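Just below is one structure, and these are the notes that go with it.
Taken together, the values in this text are just the output of simple stated rules run on the coordinates, not laboratory data. Being a predicted model, the structure only gives us computed values, none of them experimental. Quick reminder, even Gly has a Cβ in these numbers, built from the backbone with ideal geometry, and neighbours come from all protein chains shown.
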Amino acid sequence: MIIFDNVSKIYQKDWVALQDVTFHIEKGEFVFICGATGAGKTTLLKMIYKDSEPSRGAIRVLNQDLKALKKKEIPKFRRKIGVVFQDFKLLQDRTLEENVAFALEVTDTPPREVRKKLMEILTYLRLSHKKYAYPYQLSGGEQQKVAIARALVRDPYILLADEPTGNLDAKSSEDITNVLLDINYKGTTVLMATHSISLVKKMRKRMLRIEDCRIIQDK
Amino acid sequence: MSLRIGIREGVRTITRNGSLFFLSLLVAAISLFLLSLFSLVTFNLYKAIEVLDEKIEIIAFLNQRANVDALKENIAKIRGVDEVIYVSSEQALADLRDELQDTEEILNVFEENPLPASFRVKLEKDFRNATGLQEISGKIMLLAGIDETLYGGELVDQLKKVTGIIVMFDLGLLAIIIFSVIFVIFQTIKLTIFARSTEIEIMKLVGASNGFIAIPFTFEGIVQGLLGGIIAFMLTLITYRVATYFFGSLFFPHWWFLLGTIAGGMIFGIVGSGIAVRRFLK
């Protein structure tokens, strides 16, 4: 499903973000990408949805060689991948429902299907009762759930989460991690980047540990 | 479908970011007004120069024995002569009385009409200069029945030099204004797009095509250009009305200006937002 083959990312002469990274993630896996801030987790995730190009090496995602993927094909490719961030990236001037619907509407989904999908996803994440609330009226955990709803509403094959619990308290963090585990349980491949080793240890899932731009541990 | 959503997004950004939209609309309107005002000045400058140019002519005075019809025909045959108008001595006197108005009694000292008959010789465009005037007036002088010719000569060349400088200055200024207007409008559009960078980022992330992302901004550009153009035209119209009060009649083709400001605004809006969005999309 995701293959990194000797991938390096060098931003400038002396600034290396990732060095000779090789790994293979199977369909349906749940993988933690672990490492300190600035270790290269975000760069790694960005390369999966082609927001960043590797300087060396090859990447295959969903049976697609990313180097061969044309610029025009990127939007279609991205619809198969959901992304969630630490800062949620919600549109503050839109309600919860509008934020989620936005992802469907800008990708040309018929209105009838938008309504159906919205109902499904909001029910699943238990957000229906707050669908007219604006992001600033929601707690951090709820906002992240909205971001997850937006990422999931198009039924992606892969869900990437970049420090999704970084801004949340312990209780909400656990809540969000459980949501991600459940999504994985239903068949979606999930990659979650985090700097919290303790969280990872509790979960007993595969972990790629990045340090000094290299993968130093894969278990 | 996608156009409907795109336009809905455009309307949304206009209504939600009302103050920003208003600000950039103001910038567009004022810029277009400046441009249209300066075009008005330029048009009238050219018109004035044209009128002045047409006034360049040779006056040929006839003596008593002249055969008017034959002379007129002969002068008209000279290369560079556009039109020959006969002014009889009676007509000349009447014109002079008109010109003198209240002080026309002065003419009573003459027992008979002192003014000779004359031809007003108008020249073709290429001959309206010192050399042309000299050459043609020389040829006229050779004809029997002509006493004397009168023309501006050097003065005409000096006038041409001055108008030439004014025109160059005007065109230079126009170029600067066009450049600044493009710069200011483009910067403003960039600012409004930057204010919505999160929207663009999310649209990219969830897989909206670049064409789709551009729709709301293009729509906003069109609306802004349309409104900005209309406001600019109205400001120009007001200025024109005030100016005619002071300077008399001016040349102002209303429809062309209305069309020009609106079309200009929309072109700036569409092209500007297109370039700015494209930069954002990399």
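Check A:Glu29: other-chain or 5+ apart residues with amide H under 5 Å from its amide H, H built from backbone geometry?
Counting only residues 5 or more places away or on other chains, the set is A:Val190.
Given only helices, namely DSSP H runs of n ≥ 4 each adding -39500 (n - 2.57), what is the per-residue ellipticity at 222 nm of chain B, to the nearest 500 deg cm²/dmol?
-25000 deg cm²/dmol
How large is ³J(HN,Hα) for each residue in region A:87-104, as worked out from phi by the Karplus curve 6.51 cos²θ - 1.76 cosθ + 1.60 (θ = phi - 60°), to whole Hz, x for Gly and Pro?
9, 6, 6, 9, 7, 5, 8, 10, 6, 3, 4, 5, 4, 6, 4, 3, 5, 7
Only bridges whose two residues both fall in the protein assembly as shown count here: according to DSSP, what percent of them are antiparallel, nearest 5?
Bridges in the protein assembly as shown are about 65 percent antiparallel.
Starting at the first residue of region A:60-74, write each ³J(HN,Hα) from the Karplus equation 6.51 cos²θ - 1.76 cosθ + 1.60 with θ = phi - 60°, in whole Hz, x for Gly and Pro.
Running phi through 6.51 cos²θ - 1.76 cosθ + 1.60 with θ = phi - 60° gives 10, 10, 6, 6, 10, 6, 5, 5, 7, 6, 6, 3, 5, 8, 4 Hz.
Return the long-range amide H neighbours of A:Ala161 (sequence gap of 5 or more, or a different chain), with a cut-off of under 5 Å between placed amide H atoms.
Amide H neighbours of A:Ala161: A:Val84, A:Leu191, A:Met192, A:Ala193.
Between A:Lys72 and A:Tyr136, what length in nm is gained on full extension when 0.36 nm per residue of separation is reduced by their alpha carbon distance?
Using 0.36 nm per residue and subtracting the Cα-Cα distance, I get 19.5 nm.
Once both axes come from the Cα atoms, what is the angle between helix A:111-124 and the longest principal axis of chain A, in degrees from 0 to 90, rounded to 10?
Taking Cα atoms only, the helix is inclined about 80 degrees.
Which of rounded, prolate or oblate describes the protein assembly as shown when judged by the alpha-carbon gyration tensor and an a/c cut-off of 1.5?
prolate
Which ³J(HN,Hα) values, rounded to whole Hz and listed in residue order, are derived for region B:260-273 from phi using the Karplus coefficients 6.51, -1.76 and 1.60 in 6.51 cos²θ - 1.76 cosθ + 1.60 with θ = phi - 60°, glycine and proline given as x?
x, 5, 5, 4, x, x, 5, 5, 4, x, 5, 5, x, 5
Working from Cα positions, state the angle (0 to 90°, nearest 10) between the long axis of helix A:170-185 and the longest principal axis of chain A.
Rounded to the nearest ten degrees, it is 80.
Taking the DSSP beta bridges in region A:2-218 as the whole, what percent of them are antiparallel, to the nearest 5?
Bridges in region A:2-218 are about 50 percent antiparallel.
Non-local amide H neighbours of A:Ala17 (under 5 Å, H modeled in plane, Pro and chain starts lacking H): which ones?
Amide H neighbours of A:Ala17, under 5 Å, 5+ apart: A:Lys9, A:Ile10, A:Tyr11.
If packing is taken as the mean number of other Cβ atoms within 10 Å per residue, what is the order of B:222-232, B:236-246, A:19-29, highest first?
B:222-232, A:19-29, B:236-246
Just how large is the dipole of region B:57-151 about the Cα centre, in debye to the nearest 20, putting +1 at every Lys and Arg Cβ and -1 at every Asp and Glu Cβ?
My answer is approximately 680 debye.
Using +1 on the beta carbon of Lys and Arg, -1 on that of Asp and Glu, and nothing else charged, what's the dipole of the protein assembly as shown about the Cα centre, debye to 20?
5000 debye
Using a Förster distance of 56 Å, how high is the FRET efficiency between B:Ala195 and B:Thr163, based on the Cβ-Cβ distance and rounded to 0.05?
0.70
Please give the Cα centre distance for region A:45-98 versus region A:173-211, rounded to the nearest Å.
Computed from Cα coordinates, the inter-centre distance equals 19 Å.
Treating only the Cβ atoms of Lys and Arg (+1) and Asp and Glu (-1) as charged, compute the dipole magnitude of chain B about its Cα centre; round to the nearest 20 debye.
With only Lys, Arg, Asp and Glu charged at Cβ, the dipole is about 2800 debye.
Of A:Ala147, A:Leu90, A:Ile48, which is farthest along the charge dipole of chain A in the positive direction, counting Lys and Arg as +1 and Asp and Glu as -1 at C-beta?
A:Ile48
Treating the angle as unsigned and between 0 and 90°, give the value, to the nearest 10°, between the Cα long axis of helix B:68-77 and the longest Cα principal axis of chain B.
That works out to roughly 40 degrees.
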